[in-house]
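Here the structure is laid out as structure tokens; the discussion comes afterwards.
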Amino acid sequence: MRVRLRFTKLGKIRFTSHRDVARLWEHAVRRAGIPVAHTEGFTRRPKLSFGLALPTGSESLAEYVDIEFAREVEVDRLPARLSEALPQGLDVEAAVEIPRGVESLQQVVQSCSWSILVESITPAVLGAAVEQVLTAAELVVTRERKGKRVCDDIRPQIIDLEVGEVADEGTGLLAELGTQPRSLRPTELLGVFTPMLRAARTRREGQWTIIDGARQDPLAPGATSKHAEVRAS
Amino acid sequence: MSSIWPQLEPLLGEVQKPARYIGCEDGAVVPEYHQGSVSWLLIYPDVYEIGLPNQGLQILYEILNESVDAVAERAYAPWVDLEARLRAEGLPLFSVETHRPAPLFDLLAFNLSAELVYTNVLNCIDLAGLPVRSEERTSEQALVCAGGHCAFNPEPLADFVDFFVLGDGEQVVSEITSVVQGWKASGRESRIDVLRRLSLVAGVYVPSLYEVSYDGGFVESVRPRYDDVPEVVDKRTVANLADWPYPKRHLVPVTEVVHDRLNVEVFRGCTRGCRFCQAGMVTRPVRERPAESVRSMVRDGLSRSGHHEVALTSLSTADYSGIHRVVSEAMSDPTTCGDVSVSLPSLRVDAFTVGIAAEIQRARRTGLTFAPEAATWRLRQVINKLIQEEDLYGAVEAAYSQGWRRMKLYFLTGLPTETDVDTRGIADLAANCVAIGRQYHPNPSVTVSVGGFIPKPFTPFQWFGQNTVDELRRKISILRDASRGRRGVQLKWHDPRASLIEGLCSRGDRRLGAVIESVWRRGGTFQEWSEHFAEGLWRDAMAEHGLSIDWYVHRHREETERLPWDHLSAGLHKDFLWQEWQDALQSVGLEDCRWTPCYDCGACTGYGLEHIVASATPPAGGSQGTGQVLSPDAGVPVSISSGYEAPARIR
């Protein structure tokens, strides 16, 4: 049986890497005594599939993992059992059984929304800068990919961008960034502003799939049923 | 300010591996501070990934936090990137649990596992906001102490550390707590008073209470400055490990560390008697943990930690009585769904041991590591690593025939009496192992890992002049030539320059303090990291202070010479060590004393202890080439106190 879970990454634990989080989950399922299925072969590993990597240091309200179980489990009890076995800050908030053959998290997620606290900037200055970015016809950046320098126009991946609330350290920026075919990272977004913006804090607020043209949580019934037309494109 | 977290948090976004600094481990304690309790900051003077698994530190952490009078937190050396940021922001070293500033603790306690961390110790003291020299610190400031294997020759750090603890720390930490508690309660009068009181605690050495005089280059005398200060400080020894089943709550980090597994110590001490091995000498006598205690530590540790690997640790785990049973029980532990793997970090070189390894590694058999240490029987008798050629080839054949493809062989070079025949012999031996492997696999490989030998205090080789860097390089090049063209043999070696500096610190005296300070002041930290190691800083500092590397490192010592650590005791009689040194030079080996009459090394008799083993049956195949007949039925002088698995004492 397969289960998709949503969990948070808040507080000090946000300084762990994506790889660390995978390791923490492996420990947690063993400590909770949950019958996870294992891969065959020389190194037997628990069958855990994580979604898009979260940059080290960012918080998140919406991380996802798909777990395959060796036998039936009570899905409703999983969030409490796993939260107990995970470190503080990693809390499982929802769990839904998914049929075999459902697209992986990497495939199903189309965009992520981010809340970015931009350092030392007023809402007015930030607002003008956002306007500039949104009106640009293209935004070409060079980035490293598999050791090669690649030029990409990232403008199509900026789905939404607006000024958020004012805080002591700066002003909030709310962004929805595309993840297909490759995720646009908040730091890459901040790099296209002139002058470049610096984030005091970054939090992933949600990950979204598109069902019938509408944004949905990857745990939503439409996203987890096998025959749904998951992709809008 | 009792936590620097708000100031630290923004810096963590800018440094490598920030998870090093957040704590959050399972098993960590968030202590409550109250008036009257003594606060310890346990510091491992290297990065978190290396320091976190340290068992000594975890044991003391737990014991201290269980005590009502003490609280303990941990700190690790910040990597150079964070150190620069801390200094720029004026922030101190901090604990990982509550990010409490180091200057707020009563005691800063360092674990000294290796000599090359000495400059990091100074750096941590400095980052804690204290003057690095003990004499400049006031009674308002923390006491600085250190323990671990390097504390057996603490003289190079005597100017910086207020007191050292020799031997096992389980009991002595509570005694120190109570002295410091009394000192705090009486209003922290002068530092010298508390240090004098600490010097009366068995196992505690306060270097500033001893006057060292020199005769030319040599130490002439080391005399206590007060009548009640002991002339010789003896190490502490915990008699029975069954009384100390620690750590009970292993620290499970939130990020990957070295030895990322559950570690359960199955015994302490070793009587194999390898003459180069300081650990084996200073941790005597052998004290085995009873099998039942091992079993429950494995069971509880696995279910609590979520680890799927347990290492049974000791200096020679295959020698543990009843190792078979303990291993098979650990593997079939019902709480782990049969999903656990067991590892033996110290493999003995014989087919018996490979048999156990085969049971453990049912699935993946990639590589096995053996440590013959020397390539010829003659030289192995010199170092008392009594493995005969048949043992080694038997082990290698057993391994290849049971599915392993890669062997790793550890050797030392620069050993006493070593000739070029011995050095070249390493390549021959490796090639022979590959040839054995070829009977079973098309492409077997043998990696030979060579380290330069460094003589250590309290070993029979403490009198030996270490090989020079040039000599070690010459031997490595002989070995490179000899291995060239031998298919399947790969050679790796340790940097001889790092061995030189380790050797310098290992047998140094107090005059090296100035050298260590100079190296640190010029930025020489993280010296055990090849990218930071700076031999030039050490050579310059030695010259600047008028000291000779040659005299400290490469000189053979005489029997009559007073060694800088002669006022300290690891329990071993100096004449026993000298006799062992003479026997070594005659290539005469010494059998394991667990199954022979006592040689009176001093380790048992001096403490009124005996070797404690969990089972009266000697390990099968355990002769390790000593020629002893050790089948289970052979008459072995063992008496069992009562009942099955009761600790047996060997006389």
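The values are calculated or read from the model by the stated rules, or taken from the named source; none is laboratory data. Bear in mind that the values here come from a model prediction, so they are computed numbers and not experimental data. Note that we place each Cβ from the backbone using ideal geometry, even for glycine, and neighbour counts take in every protein chain shown.
Below, the figures for the structure above:
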| quantity | calculated |
| --- | --- |
| Pair list, Cβ under 6 Å, 6 or more apart: segment B:164-186 residue over 18 Å from B:Ser37 (Cα atoms), other residue among the aromatic types (Phe, Trp, Tyr) | B:Phe164/B:Tyr205; B:Glu170/B:Trp244 |
| Restricting segment A:188-213 to residues that are closer than 24 Å to A:Thr135 by Cα and aliphatic (A, V, I, L, M), the residue that is nearest to the chain's Cα centre (by Cα) | A:Leu189 |
| Single condition B:Val396 does not satisfy, out of (1) surrounded by fewer than 22 Cβ atoms within 10 Å (Cβ to Cβ); (2) over 27 Å from the mean Cα position of the chain (by Cα) | (1) |
| Residue match in segment B:178-194 (condition: part of a helix (DSSP H, G or I), in contact with a Phe, Trp or Tyr (Cβ under 7 Å, 6 or more places away or on another chain) and under 30 Å from B:Asn54 (Cα atoms)) | yes |
| Options B:Val121, B:Val80: the member that is in contact (Cβ under 8 Å) with a residue 40 or more places away in the chain, under 29 Å from B:Gly508 (Cβ atoms) and surrounded by 23 or more Cβ atoms within 10 Å (Cβ to Cβ) | B:Val121 |
| Residue match in segment B:44-64 (condition: among the acidic types (Asp, Glu), within 25 Å of B:Ser305 (Cβ to Cβ), out of contact with any Ser or Thr (no Cβ under 7 Å at 6 or more places or on another chain) and within 14 Å of chain A (Cβ to nearest Cβ)) | yes |
| Any chance A:Ala80 is of a type in the set (Gly, Ala, Ser), out of contact with any helix residue (DSSP H, G or I) (no Cβ under 6 Å at 6 or more places or on another chain), more than 12 Å from chain B (Cβ to nearest Cβ) and surrounded by fewer than 19 Cβ atoms within 10 Å (Cβ to Cβ) | yes |
| From the options B:Pro372, B:Pro455, residue that is touching a helix residue (DSSP H, G or I) at 6+ places or on another chain (Cβ under 6 Å), within 30 Å of B:Ala570 (Cβ to Cβ), in a strand (DSSP E or B) and not hydroxyl-bearing (Ser, Thr, Tyr) | B:Pro372 |
| Residues satisfying the stated conditions in segment A:153-186, i.e. part of a loop (DSSP other than H, G, I, E, B) and either free of Cβ contacts under 8 Å to residues at least 40 places away in the same chain or within 21 Å of A:Gln106 (Cβ to Cβ) (or both) | A:Ile154, A:Asp168, A:Thr179, A:Gln180, A:Pro181, A:Arg182, A:Ser183, A:Leu184, A:Arg185 |
| Considering residues of segment B:1-15 that are assigned to a loop (DSSP other than H, G, I, E, B) and closer than 14 Å to B:Ala102 by Cβ only, the residue nearest to the other protein chains (Cβ to nearest Cβ) | B:Ser3 |
| A:Ser49, sole failed condition from (1) polar (S, T, N, Q); (2) away from every other protein chain (no Cβ under 14 Å); (3) in contact (Cβ under 8 Å) with a residue 60 or more places away in the chain | (3) |
| Residue list for segment B:153-176, restricted to those being of a type in the set (S, T, N, Q) and surrounded by fewer than 23 Cβ atoms within 10 Å (Cβ to Cβ) | B:Gln171, B:Ser174 |
| Qualifying positions in segment A:105-129 - under 14 Å from the mean Cα position of the chain (by Cα) and part of a helix (DSSP H, G or I) | A:Leu105, A:Gln106, A:Gln107, A:Val108 |
| Of all residues making up segment B:76-126, the number that are aliphatic (A, V, I, L, M) and either assigned to a strand (DSSP E or B) or more than 27 Å from B:Leu537 (Cβ to Cβ) (or both) | 5 |
| Residue that is assigned by TED's automatic domain parsing to the domain that holds A:Leu117, farther than 15 Å from A:Leu117 by Cβ and of a type in the set (Ser, Thr, Tyr), where the choices are A:Thr171, A:Thr135 | A:Thr135 |
| Breaking point among (1) touching a residue at least 40 places away in the same chain (Cβ under 8 Å); (2) within 13 Å of chain B (Cβ to nearest Cβ); (3) assigned to a loop (DSSP other than H, G, I, E, B), for A:Trp25 | (3) |
| Neighbours by Cβ (under 7 Å, 6+ apart or cross-chain): first from segment B:254-279, within 22 Å of B:Glu610 (Cα to Cα); second of a type in the set (Asp, Glu) | B:Val266/B:Glu288; B:Phe267/B:Glu288; B:Thr271/B:Asp592; B:Arg272/B:Asp592; B:Gly273/B:Asp592; B:Arg275/B:Glu580 |
| Residues within segment B:558-594 that are touching a Gly at 6+ places or on another chain (Cβ under 6 Å) and over 25 Å from B:Pro230 (Cβ atoms), tallied | 1 |
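A quick yes/no check of all residues on (1) modelled with pLDDT under 95; (2) surrounded by fewer than 18 Cβ atoms within 10 Å (Cβ to Cβ); (3) within 19 Å of B:Pro156 (Cα to Cα):
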residue: B:Phe461; (1), (2), (3): no, no, no
residue: B:Gln466; (1), (2), (3): no, no, yes
residue: B:Leu472; (1), (2), (3): no, no, no
residue: B:Lys492; (1), (2), (3): no, yes, no
residue: B:Leu500; (1), (2), (3): no, no, yes
residue: B:Ser518; (1), (2), (3): no, no, yes
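Listed here are the residues, each with its yes/no results for (1) modelled with pLDDT of 95 or more; (2) facing chain B (nearest Cβ under 9 Å).
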position: A:Arg6; (1), (2): yes, no
position: A:Lys9; (1), (2): yes, no
position: A:Ser17; (1), (2): yes, yes
position: A:Arg30; (1), (2): no, yes
position: A:Ala37; (1), (2): no, no
position: A:Phe42; (1), (2): no, yes
